[in-house]
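The values are calculated or read from the model by the stated rules, or taken from the named source; none is laboratory data. All figures in this text were calculated on a predicted structure; none of them were measured in a lab. Note that each Cβ is placed from the backbone with ideal geometry, even for glycine, and that neighbours are counted across all protein chains shown.
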């Protein structure tokens, strides 16, 4: 009499479950806090966008002869305007944010000197600071970006 085995034994099923549990336990910590890393990357992107937007503002200001201590670009001269200027660059973080596409806007808090990620663990530490130009030879300063609380 031949007896054929069909299916798996209980011990084989238990071993598969144990192995899957071990794999899950070792892989899970790598995926737990990806949100903080993503917000850090977003803020680094915001810093790059600030630099690019301010370069665009300076080019528009130079084309309109407004590279002095004070000036402004109208809405007809730049999308997102009017923008007040200091030596051809945006005069504050608020002015600079006017021409940036911070999307969704609910994720960001814009203040006079900085842009913060509003949904960060510690928004005060997930920040890019903007310091306006103080003369024709001193360009604006971005950062240093602080990303410890993203």
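Tabulated data
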quantity	calculated
Count of the stretch 130-150 residues which are closer than 16 Å to residue 42 by Cβ and in contact (Cβ under 8 Å) with a residue 24 or more places away in the chain	7
Matching residues in the stretch 97-114 - criterion: being surrounded by 15 or more Cβ atoms within 10 Å (Cβ to Cβ) and in contact with a helix residue (DSSP H, G or I) (Cβ under 6 Å, 6 or more places away or on another chain)	99, 100, 110, 114
Test result for residue 50, surrounded by 19 or more Cβ atoms within 10 Å (Cβ to Cβ) and in a helix (DSSP H, G or I)	yes
Filter result for residue 94 (more than 13 Å from the chain's Cα centre (by Cα) and under 30 Å from residue 35 (Cβ atoms))	yes
Residue in the stretch 76-84 that is modelled with pLDDT of 90 or more and touching a helix residue (DSSP H, G or I) at 6+ places or on another chain (Cβ under 7 Å) present	yes
Breaking point among (1) more than 16 Å from residue 141 (Cα to Cα); (2) surrounded by 11 or more Cβ atoms within 10 Å (Cβ to Cβ); (3) free of Cβ contacts under 8 Å to residues at least 12 places away in the same chain, for residue 61	(3)
Selection count, the stretch 119-128, where residues are in contact with a strand residue (DSSP E or B) (Cβ under 8 Å, 6 or more places away or on another chain), within 17 Å of residue 44 (Cβ to Cβ) and surrounded by fewer than 18 Cβ atoms within 10 Å (Cβ to Cβ)	2
Evaluation of residue 28 against (1) free of Cβ contacts under 8 Å to residues at least 60 places away in the same chain; (2) under 30 Å from residue 122 (Cα atoms); (3) in contact with a strand residue (DSSP E or B) (Cβ under 6 Å, 6 or more places away or on another chain) (one fails), failing number	(3)
